[in-house]
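> Submitted below is the structure of interest, expressed as structure tokens.
The values are calculated or read from the model by the stated rules, or taken from the named source; none is laboratory data. Remember, predicted model here, so these are calculated numbers, not experimental data. Methodologically, a virtual Cβ is constructed for each residue, glycine included, from the backbone with ideal geometry; neighbour enumeration extends over all protein chains shown. Accessible surface is based on the protein model in full, side chains and every heavy atom, while ligands, DNA and RNA are left aside. Shrake-Rupley method; radii C 1.70, N 1.55, O 1.52, S 1.80 Å.
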Amino acid sequence: MPERRPIRRSAAGIIVAVLAAVVLAADQFVKYLTIENLPLHEVVPVLGEFLQLYYIRNSGAAFSLGSEVTWIFTIALTVVAGIIIWKAFGLRSRLWAIVLGCLLGGVLGNLTDRLLREPGFAVGHVVDMISMPWMMPAIFNVADIFIVCGMITVALLVVLGIRFDGTREKDHVESADAGTPGIEHEAVEKDA
């Protein structure tokens with residue numbers, strides 16, 4: 001992977017903020033179109049069994065789990081958004097800024113539903129509308145796509161050792177190893 005110079009923290013913050021706003025706007029716009037145009041609880045085929053639209057209001061998490069404790073998901077989404085925003089202040093990596101911006105937008109999309117949709121503040125139901133029955137029984141939305149893809153990418157960046165400052169973990173290990181023999185050599189010369 002070619003080495004890239006770190007970007008300024010302000011530039012990374014701008015990338016995170018702009019992408020989060022774009023993803024949030026796209027998610028809420030699709031949800032608006034869903035509410036206005038799709039029938040509730042009716043399958044609308046787009047590409048046969050491959051892709052369908054199915055408008056539901058989800059009070060729980062994936063597969064409607066935890067529908068009795070919706071407020072816990074609101075707290076969890078708020079904490080995740082806070083952590084991403086906090087981490088964004090120290091970013092110097094363009095790649096991390098893109099990933100965290102998209103992830104933040106997805107989190108804010110579902111958090112907006114939890115805070116502002118019926119049945120009330122902090123217990124609102126998330127609007128879901130995308131169904132791919134051949135792949136999984138879950139019905140999801142645009143925010144969910146960015147959350148899942150964002151978390152997979154975060155895991156890959158961690159496994160590849162790419163740091164928030166844009167450097168790679170192995171580069172730090174190699175430079176530390178390269179410096180060690182010189183230090184030992186210098187110490188031997190002083191003893192002689």
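> Select from the range 18-47 the residues that are in a helix (DSSP H, G or I) and without any contact (Cβ under 8 Å) to a residue 24 or more places away in the chain and list them in ascending order.
The first filter runs over the range 18-47 and keeps only residues in a helix (DSSP H, G or I), leaving 18-37.
Residues satisfying the conditions are A25, F29, Y32, L33, E36, N37.
> Could you tell me which residue of the range 133-153 is farthest from A25 (Cα to Cα), considering only residues that are modelled with pLDDT under 95 and not in a strand (DSSP E or B)?
W134
> Does at least one position in the range 43-57 carry a residue that is among the basic types (K, R) and more than 24 Å from P137 (Cα to Cα)?
no
> Additional query: Can you spot a residue in the range 181-191 that is in a helix (DSSP H, G or I), modelled with pLDDT of 90 or more, open to solvent by less than 80 Å² (accessible area, probe 1.4 Å) and of a type in the set (A, V, I, L, M)?
no
> From M151, M135, grab the single residue that is farther than 21 Å from A20 by Cα and either crowded, with 19+ Cβ neighbours inside 10 Å or of a type outside the set (V, I, T) (or both). Let's see the steps before the verdict.
Values: M151 fails: farther than 21 Å from A20 by Cα.
Only one candidate qualifies: M135.
> I've got another one for you. Could you check the range 105-132 and list, in sequence order, the residues that are in a helix (DSSP H, G or I) and open to solvent by 30 Å² or more (accessible area, probe 1.4 Å)?
Hits for the range 105-132 are L108, T112, L115, L116.
> Next question. Step by step: first the residues of the range 64-95, then only those that are part of a helix (DSSP H, G or I) and among the basic types (K, R), then the one that is least open to solvent (accessible area, probe 1.4 Å). Which residue is that?
First, pick out the residues of the range 64-95 that are part of a helix (DSSP H, G or I): 64, 67-88, 94-95.
Filter again for among the basic types (K, R), leaving 87, 94.
Working: K87: 73, R94: 98 Å².
If we take residues in the range 64-95 being part of a helix (DSSP H, G or I) and among the basic types (K, R), then K87 is least open to solvent (accessible area, probe 1.4 Å).
> Are there any pairs with C-beta distances below 8 angstrom linking a residue in the range 78-100 that is over 18 Å from G161 (Cα atoms) to a residue that is open to solvent by 60 Å² or more (accessible area, probe 1.4 Å) and not hydrophobic (A, V, I, L, M, F, W, C), with the two at least 6 apart or on different chains, and if so which?
F89/R9
> Now a separate question. Within the group I98, I56, I15, which residue is buried (at least 16 other Cβ atoms within 10 Å of the Cβ), outside any helix (DSSP H, G or I) and at pLDDT 95 or above?
Exactly one residue qualifies, and that residue is I56.
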